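Visitor: I have a structure I would like to understand better, so I am pasting it below and will then ask my questions one at a time.
What follows draws every value from the coordinates through simple rules; no lab data is involved. Because the structure is a prediction, the values reported are computed rather than measured. Cβ placement follows ideal geometry from the backbone for every residue including glycine, while neighbour counts extend to all protein chains displayed.
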Amino acid sequence: MLRRHFLRRSALVIGTLAVLAASPISAARAASPAESFVSEMGDKAIGILSNHALGPADKQAQFRTLFLQNFDTDTIGSFVLGRYKRAATPEQIATFNKLYAEDIVQTYNRRLSVYSGEIFQVTGSQVQGDETLVRSQVLGTKGRPATHVEWRLGGAPGNFKVIDVVIENLSMRQAQRDDFASVIGSRGLDGLIAALQRKVGSAAR
């Protein structure tokens, strides 16, 4: 079983991600191509969430498609594996990438119920070498403070992909890299893959 600490940190990052994707978008601020990409991703998530004709299984399937279309899971998975990727076989890498993506999708789907009217606003963007950083904030309800979120994008306009999400200075990929490294260090990559397989179950087979 994956460590409880890992599960808590992953749930924090991905659970907040689910709130962001399910939040109304401030269309007026989405000016640059990168900002529009993030806003449009949220619009599509809203469409799925608000479509009452879809059952739970259909919603999960559509969110899986949305996630895989907009997140570069291979690049994120490569970063998360870090130095352990060098000793991994192509089969191990392919299996890990599939399970890792499915784990995020399932967690994302389970946590959509946390949405309670938060407002998502894109506040700016900045090109940083080969990447683009899009800044945003989630305005809480009932007096809760705003949550600051940064979306790190790879690629160029028309081909953007999310390669990291940083929530209040907590990087999704760095947190998972740290936690996966601990599991691999004690159980090996096959041990991590087995743990992920048990967690996601038959949906990833």
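Visitor: Under a point spin-label approximation (7 Å from Cα along Cα-to-Cβ), what is the Ala181-Glu40 distance to one decimal in nm?
Guide: 3.6 nm
Visitor: Could you give each residue of the range 85-102 its phi-based ³J(HN,Hα) in whole Hz, using Karplus coefficients 6.51, -1.76, 1.60 with θ = phi - 60°, and x for Gly or Pro?
Guide: 5, 4, 9, 7, 7, x, 5, 5, 5, 5, 5, 4, 4, 5, 5, 4, 5, 5
Visitor: Which pairs, out of Lys59/Lys85; Lys98/Lys161; Lys59/Lys142; Lys44/Lys161, put more than 26 Å between their alpha-carbon atoms? The partial results should precede the final answer.
Guide: Details: Lys59/Lys85 33 Å; Lys98/Lys161 17 Å; Lys59/Lys142 28 Å; Lys44/Lys161 15 Å.
With Cα atoms farther than 26 Å apart: Lys59/Lys85; Lys59/Lys142.
Visitor: Take peptides 190-196, 48-54, 32-38 and line them up by average Cβ neighbours within 10 Å, highest first, as a rough protection proxy. Don't skip to the answer; put the middle values down first.
Guide: Values: 190-196: 17.9, 48-54: 11.9, 32-38: 21.0.
Descending mean neighbour count gives 32-38, 190-196, 48-54.
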